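Input: a single structure, listed below in structure tokens.
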Amino acid sequence: MPEAPVPGTPTLSTPSLSTPTLGRPPELLRPAEGITLRRRSPAQSLALNAAVRANLEHLRPWLEWAAEAPTAARTAELTEAGAAAWDAGTDFIYLVGLDAEPGRVIGSFGLHRRIGPGALEIGYWVGTDHLGRGIATTAARALTGAAFALPGVHRVEIHCDPANTASAAVARRLGFRLDREVAAPVRAPGETGRKQIWVQERRPDR
């Protein structure tokens, strides 16, 4: 299966309501030459909407919100909500871009405070035109580091359906361990009713 990293974390949908994180991650990350992770902002709303609409068939098996193409107005609304969630410290969503393709969004990554105290969950997707380049692994590694740099965060998790083997491969490459597999509601066509919980814990030297 080609790299199609889209775990069960909806990085376009309405932000979660949870306990705020102390501190905030950087608004701009450059995890590798030519790759940028930038805090999602209203200025990028149209580019994000275009990226989602172009990748609906790719996203639909794993993400509930990809069942229908979002309107530009809906994406703008959710982007505004995401900005408020960042400021509140409950969700930190980034858009991925390449220096070689200025203005284009090629994916979305997020840190989500919804899995209990001291922990953040990473969610991500990368568009079909940019699969197989290691972008998901590179960006998720940067977010893992940013998460552990926040005060009070000692655990980072990646959740994915067992059938989404590409997402599991990203977690494995980053040194996450498969902690458990649990029952989960089926909300998207590709889901099996199970969810893998991949975990990485802060090292003592961090």
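Size descriptors for the chain, from the alpha-carbon set: Rg then Dmax equal 15.5, 46 Å.
Note down the net charge around PRO70, summing +1 for each Lys or Arg and -1 for each Asp or Glu among other residues with Cβ under 11 Å from its Cβ.
On the way: positive: ARG53, ARG74; negative: GLU68, GLU77.
Result for the local shell: 0.
Using r as the Cβ-Cβ distance of ILE115 and ALA43, and R0 as 35 Å, what FRET efficiency do you calculate, to the nearest 0.05? The calculated FRET efficiency here is 0.70.
Taking a ≥ b ≥ c as the square roots of the Cα gyration tensor eigenvalues, region 97-206 comes out oblate, since a/c reaches at least 1.5 and a/b does not exceed b/c.
Per residue, what accessible area does the chain have, given a 1.4 Å probe and all protein chains present, in Å²?
Accessible area per residue: 44 Å².
What FRET efficiency comes out for the pair LEU28/ALA183, r = Cβ-Cβ distance, R0 = 41 Å, nearest 0.05?
0.60
The value of relative contact order for the chain, using C-alpha pairs under 8 Å at least six residues apart, is 27 percent. For LEU63, no residue has an amide H sitting under 5 Å from its own, ignoring neighbours fewer than 5 places away on the same chain, with H placed 1.01 Å from N. I'd like the distance between the alpha-carbon centres of region 111-140 and region 175-206, rounded to an integer number of Å. Rounded to whole Å, the Cα centres lie 12 Å apart.
Given the whole protein assembly as supplied and a 1.4 Å probe, what does the accessible area of ARG40 come to in Å², nearest 10? Probe radius 1.4 Å; accessible area of ARG40 about 10 Å².
For VAL105, what charge total do you get from the other residues with a beta carbon under 13 Å from its beta carbon, if Lys and Arg give +1 and Asp and Glu give -1? Intermediate results must be reported in sequence, preceding the final value.
Numbers: positive: ARG38, ARG39, ARG40, ARG53, ARG104; negative: GLU101, ASP129.
Charge balance in the 13 Å sphere: +3.
The values are calculated or read from the model by the stated rules, or taken from the named source; none is laboratory data. What you see is a predicted model; the values in this text were computed from it and never measured. Note that we place each Cβ from the backbone using ideal geometry, even for glycine, and neighbour counts take in every protein chain shown. The area values use the complete protein model at the heavy-atom level, side chains included, leaving out ligands, DNA and RNA. Shrake-Rupley method; radii C 1.70, N 1.55, O 1.52, S 1.80 Å.
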